[in-house]
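Visitor: Have a look at this one.
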Amino acid sequence: MIELEVSLGDRSYPVLVGAGARHRLLELLPVGVARVAVVTQASIPVDVDPGMEHRVFTMGEGEHGKDLGTVEDLCRDWAQWGLTRGDCVVAVGGGVVTDTAGFAAAVYHRGVPVVHVSTTLLGQVDAAIGGKTGVNLPEGKNLVGAFWQPSAVLCDTEVLATLPPREYRNGLGEMAKYAFLGVDHLPDLPLDEAVAACVACKADVVASDEREGGRRAILNYGHTLGHALETAGSYDLRHGEAVAIGLVYAAELAHRLGRIDAARVVEHRRVVAGYDLPMVLPPEVDPDALVALFSRDKKAVGGITFVLDGPSGVEPVKVADRTLLRDTLDLLR
C-alpha cells in the first residue's frame, strides 16, 4: 500500500493507493463518527463496510445525475434519516459520485465530513483528490460547487479490474495530462505507482494553492476544450476522452502562439495516442459554438483563459483572438 498526504495544515488528510485500500475504511473514518451515509450508484459493483451503523443512498447515473436536484435529494434523505454533523458521508464511485456527494456533504448542516472511496481510474488520479466538489448546470459543467476537503481518500486499484475498457481509457485521458505537469516516465510506470505519482503531483499543487487562486489552474490542462465538448452537445465522448482532445488542442494553440515548438506538439500527440485516446473533434461539432463556450469556463475571469504549455511550463494564458481559437480547431479535424 502506498500512503501519501495532501498537506493542508489542520485539514491535511491521507490518500491510500493500492489493491484492497477500500478495506481500510474503518480506520480512516473521523474519530467519534457514529453513523455513515454511503453514497453510490446502482451500477457500481463495489461494496464497503464502514464497520458501524450505515445506510446506502443511491444517486442517478452519469452526468445527468450530477445536478442540484441530486444534491437536494441527498440532503433531504439524510435529514429524514437523522444524519448529523457528528456523522460522516462516504462516497463510493467515480468522479460523478465524489463530486456530487462531496458537494452535498459541504452544504448539509454547513459541512459534514466526507471520505472518498474512488472506484475509477479517473477518480483515483484526479477527481477524488483536492477538495473541489460541484455539480453541473445546463449552461456548463461544475458551475455550482464548493471547496470541501475530504477526511481521507482510498484509491483501491483492485477494483479497476471491474471497469469496462472504455471507462478505463476514460481515466487515462485524465492521467495523460500529468505527463506534462511534471510526472516523468508516466506511461512506463506500473499501475499503482502511476496512480500514486499522479496523486502526489496533484497533492503538491493543491497544497500550494488550495482554492485555485493561481497555480492550481494548471490542473485544468486540456479541460477548456474538454468541458466545452461535454457541454456543447450529445457527442459520444467521456470526460477523459474530451480532455485528451483538449490536450492536443492546447498544444496546437500554444504552438501557434509561439510558446512551444513543433516537437513538443508531437510529444503531446505521442502521449495521447499511446493511451489509445482520441485526438480529433467529433465530425458534427460546431466550432463557433465551442469558441462561445470557452468564455463560460471557470478560468475565464476577464477574458477567455486557456492553460497552455510554454517555456516556463504549463500556466494560465489569456487568449483574446477568437479567430485564432476557431482556426486552431480546424487542426483537429
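Read-outs: derived from the displayed coordinates by stated rules, not from any lab. These figures come from a predicted structure and were not determined experimentally. For neighbour counting, all protein chains shown are included, and Cβ atoms are generated from backbone atoms with ideal geometry for every residue, glycine included.
Visitor: Using only Cα atoms, find the angle between the long axis of helix 165-178 and the longest principal axis of the chain, and express it within 0 to 90 degrees, rounded to the nearest 10.
Guide: 70
Visitor: Compute the Kirkwood hydrodynamic radius of the range 61-102, taking the inverse of the mean of 1/r over all pairs of distinct Cα atoms, and give it in Å to one decimal. Walk me through the numbers before you get to the answer.
Guide: Working: mean 1/r = 0.0914 Å⁻¹.
Hydrodynamic radius (Kirkwood, Cα pairs) of the range 61-102 is 10.9 Å.
Visitor: With the contact rule set at Cα under 8 Å and sequence spacing of 6 or more, what percent relative contact order holds for the chain?
Guide: Values: 655 pairs, mean separation 49.7, N = 333.
Rounded, it is 15 percent for the chain.
Visitor: Please list the non-local residues whose amide H lies under 5 Å from the amide H of V48, H modeled 1.01 Å from N, same-chain partners needing a gap of 5 or more.
Guide: none
Visitor: Using Cβ counts within 10 Å as a stand-in for footprinting exposure, how do C75, C88 rank, fewest first? Each step should come with its number before you reach the end.
Guide: Working: C75 16, C88 24.
Least crowded to most crowded, the residues run C75, C88.
Visitor: How would you rank I218, I129, going from fewest to most other Cβ atoms within 10 Å of each one's own Cβ? Intermediate values should be presented prior to the final figure.
Guide: Values: I218 22, I129 29.
If I rank by nearby Cβ atoms, fewest first, I get I218, I129.
Visitor: May I ask for the equivalent-ellipsoid semi-axes of the range 127-242, computed as the square root of five times each C-alpha gyration tensor eigenvalue and listed largest first in whole Å? Can you show the working numbers first?
Guide: Values: eigenvalues 95, 77, 42 Å².
Taking √(5λ) for each Cα gyration eigenvalue gives 22, 20, 15 Å.
Visitor: If you don't mind, another one. Quick check: the distance between the Cα centres of the range 106-121 and the range 132-195, to the nearest angstrom?
Guide: If we compute the Cα centre of each part, the gap is 16 Å.
Visitor: With angles folded into 0 to 90 degrees, how steeply does helix 95-107 sit against the dominant principal axis of the chain? Use alpha carbons for both and round to 10.
Guide: It works out to around 60 degrees.
Visitor: While we're here: Thinking of the range 175-268 as a set of Cα atoms, what percent of all their pairs are more than 22 Å apart?
Guide: Values: 1585 of 4371 pairs.
Percentage above 22 Å: 36.
Visitor: In whole Hz, with x marking every Gly and Pro, tabulate ³J(HN,Hα) for the range 223-237 from phi via Karplus 6.51 cos²θ - 1.76 cosθ + 1.60, θ = phi - 60°.
Guide: 8, 5, 5, x, 5, 5, 5, 5, 8, 5, x, 8, 6, 7, 9
Visitor: To the nearest µm²/s, what D does Stokes-Einstein give for the range 1-138 at 4 °C and 1.567 mPa s, using the Kirkwood radius over alpha carbon pairs as Rh? Provide the component values of the computation, followed by the final result.
Guide: Values: Rh = 15.0 Å.
Translational D for this selection: 86 µm²/s.
Visitor: Separate question: In this model, which of K132/K318; K177/K202; K66/K318 are farther than 20 Å apart at the alpha-carbon?
Guide: On the way: K132/K318 23 Å; K177/K202 11 Å; K66/K318 29 Å.
Table pairs above 20 Å Cα-Cα are K132/K318; K66/K318.
Visitor: Okay, next question. If r is the Cβ-Cβ distance from L257 to A42 and R0 is 51 Å, what FRET efficiency results, to the nearest 0.05? Intermediate results must be reported in sequence, preceding the final value.
Guide: Working: r = 46 Å, r/R0 = 0.90.
About 0.65, to the nearest 0.05.
Visitor: OK, next. Listing L332, L225, L26, L186 from the residue with the fewest other Cβ atoms within 10 Å to the one with the most, what is the order?
Guide: On the way: L332 17, L225 29, L26 13, L186 22.
So the residues, fewest neighbours to most, are L26, L332, L186, L225.
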